[in-house]
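S.K.: Take a look at this one; I'll ask things after.
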Amino acid sequence: MCGIAGILYRTPKAYYQPVGHTLLAMATCLQHRGSDSAGIAVYAKAERQAWLQVSWPAGAALPEPREILAAGGGLLSQLQPETGGFRAVVSAMEPDAVGALTAGLEQQFPGATAIAFGKSLCIHKTVGLAEKLGEDAEDMTGTHGIAHLRLATESRIDPAHAQPFWGRPYPDIAVTHNGHITNYYKLRKRMEARGFSFASQNDSEIIGMVIGEKLAAGMGLEDALYETREVLDGSFSFLVATTDGIGVLRDPIATKPLLYVETDDMVALASEHQALHRVMGNGAKVREIVAREVRVWSRA
Amino acid sequence: MTTTIIDCEVRTTREINLALREAALEQTPVVLRNPDCRHNLAVGVTTPLSVQIDGHVGYYCGGLCDGVDIRVTGDAGWGLAENLMGGRIAITGSAGSAAGATMRGGTVIVGGDAGARCGIAMKGGALIIGGSVGVLSAFMMQKGVLIICGDAGEGLGDSLYEGKIYVRGKIDSLGSDAVIVEQTAEDAAMLESALADAGIHAAASEFQKIVSGKKLYNFSTKEKEIWKTAL
Amino acid sequence: MPIDDATPSHVWDPAAIHDIQEKARLGRYRIRAFSTARRLPSLEDLTFLPAGLTRVALEGYRETCSTKVTLGTRFASKPLELETPITISGMSYGALSRNAKEALGLAATRVGTSTCTGDGGMHPTDREYSKTLVYQCLPSRYGFNPHDLKRADAIEIVVGQGAKPGTGGLLLGQKVSPEIAAMRDLPNGVDQRSPCRHPDWMGPEDLAIKIEELREATNWEKPIYVKLGAARVYEDVKLAAKAGADCVMVDGMEGGTAASPDVLLDHTGVPTLAAICEAVRALEDLDLVGEVQLIVAGGIKSGVDAAKAIALGADAVAIGTAAIIALNCNAPLYLDDYIALGTMAGACHHCHTGRCPVGVATQDPELMARLPVEEAAERAENFLRAMTLELQMMARACGKSYVKNLDRDDLRALTLESALMTGLPLAGMRHPLTMASVGGH
């Protein structure tokens, strides 16, 4: 129950577009759709190594870096504190290893939550209004990204339940969702039985995990979305981002809005018109993602 | 006659709508500039008023109105002209979901496409869409006329009670108890006049007509097929 | 377990057998009216702790105990000022006869409370007879129009009703008379099935915009209620309040209806007792107690029920079924007509048939004539006055000069279930039960 937005720059080899700035401008236009929490996920040029971002419970001090690195069982290095938590390099990409690492960290440091992982993905989330995301988020550059304004429905309001959600344990997958997945409970039980660990009680978290599993099995994003359409029940308009671009899916009865503008250079997506016109100009031709529609845009 | 020009950028929605009410009292036409997709513009105006909106509007533009003449050069969000009683609301661009929802009179014209549930629970009036409409349009339509110059999404006219739907393009699927019938000469005359009024060039003969099969009027075990999902 | 030849099975009891055979005949679910027939934990399971030596009780008649309540203080410039916190809930002209609607309007006006249009629009006499009239905005939008909206005193956006949350209304063809059909823009005599969702908004973020639309259309004058069928009460109340409602109405699973699939009546929602507590907790967590008023409905039968609801944190209650019973519903008159319906006075739940023996829930002119408006209005007025007196009496006994000052500390639970549902101490105990105190984890 929320506002969502996305931006993709298609200019070849342009890795330093003002993605954070653009997403925050769009988020400001959608603020009225949810003020419980806000967040953006930005994709920068891929680094050589993958980073894990962990959010730390508000008010609690970070332990000594070596204590965290020790908890990483040799997989963590280059720990850097950042607003609300830390990031560190992970010397593994395999889902099993990453899943075990994040679950282990969360167990050892209660309240800590792994919020992003990958070579290009970086996520900033905050409780409250989008303006609280601050300059760190605003200054992020890259090729594309997605944003979320949350109106909490059934699960808690805290950074771990804010969106975008990382599609854990898979690298570089993020999702921003408006709606409610009504078969979340059973889906989650089945995924937990297969070894997945969840960071929240928020139904939206499962979407990126469902898609991530299909991508990891070798499926393309478009096919993964068609399959996901048959797996999910309930109301949804969502954006899923990978290193390559952004995909979208809307539920069969079009309960939640999703609009887009596409030009040769850019694709912008949002729940409502004004966010699109703000960044694409008043003359932009706005189209609707229709019921049941799957669409994928790749960066250049 | 003087025209009141309102720059939305420097006014709250409250101030804009109050200014519209004042203009309605004085019978002064109004031009709204820089609407910037604002929600709830020109709602609840129940006395004659002419409003020109230069730009895109948000949700419920012209909702709960009677006797207005609203023209929008741009797109609209959800619930355009919802529950309109009388008058005319026309936009040049596209409309979001539920355009003309529960309208009971007057004319609504959308130059471009309309989203899902266009004309849902219509109770009268005429809703004319220059482009295509989304899923479940005219769901539970009760009265009135819906004219779709483009294509229609799945479930068109599901469970409609009365009212007439005309579609020029392709219909993805008809809803429960929506049936295609032959056009009459009366239909053709009405269509031609409505299309001319909307400034749309199309011949009445290009449209298919859809009405209620009336099998959902009263429950019957003899109509098992149609009732299996309708209740 | 051996049974003799004449003992029915507890598994396949006569009611279960009848239910299966009815569905085998009908080919659809069964439809009935009234409310759930289940025994549920309820306000009945609480008791008051009146004043003794620790507190001073107030005398009746001489020492005032105000029952006034103001609803819609958050954003509306013209909140409702009611003489009693007992209001009449939404019941449509269609479900009820014209005479019944008029009688309720007169009675409510005479005691200084509000009544409500229900689904199907505002009949001219609704406005004429009701000094304070709440106008419902429902998924069907039958008869809905901006002129009536502007003539209303408050607007109630109906998300759901307690009898059947998550589903739409029903009015079977026998009650869709030409007048009702015209008011609702329907063909005469159709089985009217109302939608379960609003046509032009879908979720809480849209609801906030919808509420702004209704406010703009009515100059921010009128209180806007959001009515919820009690299910996920805590979350729904929070979202309604966040969307900008002035008042939230929560209708528990005992809530009434003039027609509903029976499985919904008996198997959906949560009891009013639980719903009140969840709703209050939601408003407390948002720090909106007193700013957003809470109206509670669903099986409220008496002034003491109203007093308990208020003590638990409600600002007002709404009665539907109790009000029509006061009119004459289920009265022992025209006994043959009850028999013809296959029921009897005191057990009738046949509003959906339109053959109401006492003229309350019918559109048949002959049956309706059995309910003279003035006499019925007097009964309803008397009942509202009696309820208000009971409410006052409880408040005075607890030493309160305003009924709104009744609170949780004035109550104890009489059953384990109600103690756990409400978090009130069990009678005789000083503290609420915890899982530890009942031996759980």
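The values are calculated or read from the model by the stated rules, or taken from the named source; none is laboratory data. Since the structure is predicted, the reported quantities are computational estimates derived from the model, not experimental observations. A quick note on method: Cβ atoms are made from the backbone with ideal geometry, for glycine too, and the neighbour counts reach across all protein chains shown.
S.K.: Within the stretch B:51-88, track down each residue that is among the charged types (D, E, K, R), crowded, with 20+ Cβ neighbours inside 10 Å and away from chain C (no Cβ under 12 Å).
M.R.: Hits for the stretch B:51-88 are B:Asp75, B:Arg88.
S.K.: Specify the residue that is farthest from the chain's Cα centre (by Cα); the eligible residues are those in the stretch C:182-197 that are facing chain B (nearest Cβ under 9 Å) and assigned to a loop (DSSP other than H, G, I, E, B).
M.R.: Looking at the filtered set, the residue picked out is C:Pro187.
S.K.: Another one. Among the residues of the stretch C:1-13, are any touching a residue at least 24 places away in the same chain (Cβ under 8 Å), more than 14 Å from every other protein chain (Cβ to nearest Cβ) and of a type outside the set (D, E, K, R)?
M.R.: So the first thing to find is which residues in the stretch C:1-13 are touching a residue at least 24 places away in the same chain (Cβ under 8 Å), and the list is none.
Taking every residue of the stretch C:1-13 in turn, none turns out to be touching a residue at least 24 places away in the same chain (Cβ under 8 Å), more than 14 Å from every other protein chain (Cβ to nearest Cβ) and of a type outside the set (D, E, K, R).
S.K.: Which residue, of C:Asp236, C:Asp206, C:Asp251, is out of contact with any Leu (no Cβ under 9 Å at 6 or more places or on another chain), surrounded by 24 or more Cβ atoms within 10 Å (Cβ to Cβ) and either at pLDDT 95 or above or not hydrophobic (A, V, I, L, M, F, W, C) (or both)? Steps first, please.
M.R.: Working: C:Asp236 fails: out of contact with any Leu (no Cβ under 9 Å at 6 or more places or on another chain); C:Asp251 fails: out of contact with any Leu (no Cβ under 9 Å at 6 or more places or on another chain).
So the residue among C:Asp236, C:Asp206, C:Asp251 that is out of contact with any Leu (no Cβ under 9 Å at 6 or more places or on another chain), surrounded by 24 or more Cβ atoms within 10 Å (Cβ to Cβ) and either at pLDDT 95 or above or not hydrophobic (A, V, I, L, M, F, W, C) (or both) is C:Asp206.
S.K.: Given the options C:Lys164, C:Lys227, C:Lys175, name the one that is within 15 Å of C:Cys137 (Cα to Cα) and away from every other protein chain (no Cβ under 12 Å).
M.R.: C:Lys227
S.K.: Which of the numbered conditions does A:Ile68 fail, given that it passes all the others? Conditions: (1) surrounded by fewer than 18 Cβ atoms within 10 Å (Cβ to Cβ); (2) touching a helix residue (DSSP H, G or I) at 6+ places or on another chain (Cβ under 9 Å); (3) not in a strand (DSSP E or B).
M.R.: (1)
S.K.: While we're looking at this one, here's another question. Taking the stretch B:204-231 as the search range and keeping residues that are among the hydrophobic types (A, V, I, L, M, F, W, C) and modelled with pLDDT under 95, which one is surrounded by the fewest Cβ atoms within 10 Å (Cβ to Cβ)?
M.R.: B:Leu231
S.K.: Another question, if that's okay. Kindly list the number of the only condition in (1) over 19 Å from B:Ala99 (Cβ atoms); (2) outside any strand (DSSP E or B); (3) within 14 Å of another protein chain (Cβ to nearest Cβ) that fails for A:Phe236.
M.R.: Failing condition for A:Phe236: (2).
S.K.: Here's a follow-up. Return the residues of the stretch C:333-391 that are within 26 Å of C:Thr87 (Cα to Cα), assigned to a helix (DSSP H, G or I) and among the small types (Gly, Ala, Ser); say none if nothing qualifies.
M.R.: The answer is C:Ala376, C:Ala377, C:Ala380, C:Ala386.
S.K.: Given the options A:Ile146, A:Ile115, name the one that is closer than 23 Å to A:Trp297 by Cα, assigned to a strand (DSSP E or B) and either in contact with a Ser or Thr (Cβ under 8 Å, 6 or more places away or on another chain) or among the hydrophobic types (A, V, I, L, M, F, W, C) (or both).
M.R.: On inspection, the qualifying residue turns out to be A:Ile146.
S.K.: Considering (1) facing chain B (nearest Cβ under 10 Å); (2) touching a residue at least 24 places away in the same chain (Cβ under 8 Å); (3) not in a loop (DSSP other than H, G, I, E, B), say which one C:His147 fails and leave the rest.
M.R.: It is condition (2) that C:His147 fails.
S.K.: Also, I was wondering about something else. Just give me the residues in the stretch C:215-229 being surrounded by fewer than 24 Cβ atoms within 10 Å (Cβ to Cβ) and of a type outside the set (S, T, N, Q), in sequence order.
M.R.: Passing the criteria: C:Trp220, C:Glu221.
S.K.: Now a separate question. C:Gly72 - would you say it is at pLDDT 95 or above and either in contact with a strand residue (DSSP E or B) (Cβ under 9 Å, 6 or more places away or on another chain) or under 19 Å from C:Phe144 (Cα atoms) (or both)?
M.R.: So C:Gly72 passes the test.
S.K.: Could you pull out the residue among C:Gly94, C:Gly72, C:Gly60, C:Gly90 that is more than 27 Å from the chain's Cα centre (by Cα) and small (Gly, Ala, Ser)?
M.R.: When all the criteria are applied, what remains is C:Gly60.
S.K.: Please work out which one of (1) among the small types (Gly, Ala, Ser); (2) part of a strand (DSSP E or B); (3) surrounded by fewer than 22 Cβ atoms within 10 Å (Cβ to Cβ) is the condition A:Ser197 fails and give its number.
M.R.: For A:Ser197, the failing item is (2).
S.K.: Any residue that is surrounded by fewer than 20 Cβ atoms within 10 Å (Cβ to Cβ), free of Cβ contacts under 8 Å to residues at least 60 places away in the same chain and within 14 Å of chain C (Cβ to nearest Cβ) - is there at least one of those in the stretch A:30-45?
M.R.: yes
S.K.: If a residue has to be under 30 Å from B:Ala76 (Cα atoms), touching a His at 6+ places or on another chain (Cβ under 7 Å) and among the polar types (S, T, N, Q) to count, how many in the stretch A:202-260 make the cut?
M.R.: Residues flagged as under 30 Å from B:Ala76 (Cα atoms), touching a His at 6+ places or on another chain (Cβ under 7 Å) and among the polar types (S, T, N, Q) within the stretch A:202-260 amount to 2.
S.K.: Is at least one residue of the stretch A:279-287 surrounded by fewer than 22 Cβ atoms within 10 Å (Cβ to Cβ) and either in a strand (DSSP E or B) or hydroxyl-bearing (Ser, Thr, Tyr) (or both)?
M.R.: Yes, the stretch A:279-287 contains a residue that is surrounded by fewer than 22 Cβ atoms within 10 Å (Cβ to Cβ) and either in a strand (DSSP E or B) or hydroxyl-bearing (Ser, Thr, Tyr) (or both).
S.K.: Quick one: is A:Asp36 in contact with a helix residue (DSSP H, G or I) (Cβ under 9 Å, 6 or more places away or on another chain) and of a type in the set (Asp, Glu)?
M.R.: Values: in contact with a helix residue (DSSP H, G or I) (Cβ under 9 Å, 6 or more places away or on another chain): yes; of a type in the set (Asp, Glu): yes.
It is true that A:Asp36 is in contact with a helix residue (DSSP H, G or I) (Cβ under 9 Å, 6 or more places away or on another chain) and of a type in the set (Asp, Glu).
S.K.: So, one more: Can you name every residue in the stretch A:252-300 that is over 24 Å from B:Ile120 (Cα atoms), touching a Lys or Arg at 6+ places or on another chain (Cβ under 8 Å) and of a type in the set (A, V, I, L, M)?
M.R.: Passing the criteria: A:Val261, A:Met266, A:Val267, A:Val294, A:Ala300.
S.K.: From the residues in the stretch B:102-130 that are within 14 Å of chain A (Cβ to nearest Cβ) and part of a loop (DSSP other than H, G, I, E, B), which one is surrounded by the fewest Cβ atoms within 10 Å (Cβ to Cβ)?
M.R.: Among those residues, the one meeting the criterion is B:Gly112.
S.K.: Looking for whichever is crowded, with 18+ Cβ neighbours inside 10 Å, closer than 17 Å to C:Arg32 by Cα and out of contact with any helix residue (DSSP H, G or I) (no Cβ under 7 Å at 6 or more places or on another chain) here; the options are C:Cys329, C:Cys348. Which one fits?
M.R.: Answer to the selection: C:Cys329.
S.K.: Mind checking which pairs have a first residue in the stretch C:206-217 that is free of Cβ contacts under 8 Å to residues at least 12 places away in the same chain and at the interface with chain B (Cβ under 7 Å from one of its Cβ atoms) and a second that is β-branched (Val, Ile, Thr) and surrounded by 24 or more Cβ atoms within 10 Å (Cβ to Cβ), Cβ under 7 Å, 6 or more apart or different chains?
M.R.: Pairs that qualify, where the first residue is free of Cβ contacts under 8 Å to residues at least 12 places away in the same chain and at the interface with chain B (Cβ under 7 Å from one of its Cβ atoms) and the partner is β-branched (Val, Ile, Thr) and surrounded by 24 or more Cβ atoms within 10 Å (Cβ to Cβ), are C:Glu213/B:Val43; C:Glu216/B:Val43.
Matching residues to (1) in a loop (DSSP other than H, G, I, E, B); (2) of a type outside the set (Ser, Thr, Tyr):
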site	(1), (2)
B:Ala19	no, yes
B:Gly44	yes, yes
B:Ser50	no, no
B:Tyr60	yes, no
B:Gly63	yes, yes
B:Val72	no, yes
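Conditions (1) within 12 Å of the chain's Cα centre (by Cα); (2) within 19 Å of A:Asp96 (Cα to Cα), marked per residue:
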site: A:Ala152; (1), (2): no, no
site: A:Gly167; (1), (2): yes, yes
site: A:His177; (1), (2): yes, no
site: A:Ser204; (1), (2): yes, no
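S.K.: Tally time: how many residues in the stretch C:1-41 are touching a Pro at 6+ places or on another chain (Cβ under 6 Å) and among the polar types (S, T, N, Q)?
M.R.: Here the count works out to 0.
S.K.: Out of the residues in the stretch A:63-108 that are touching a residue at least 60 places away in the same chain (Cβ under 8 Å) and among the charged types (D, E, K, R), which is nearest to A:Asp158 (Cα to Cα)?
M.R.: Once the filter is applied, the top-ranked residue is A:Glu106.
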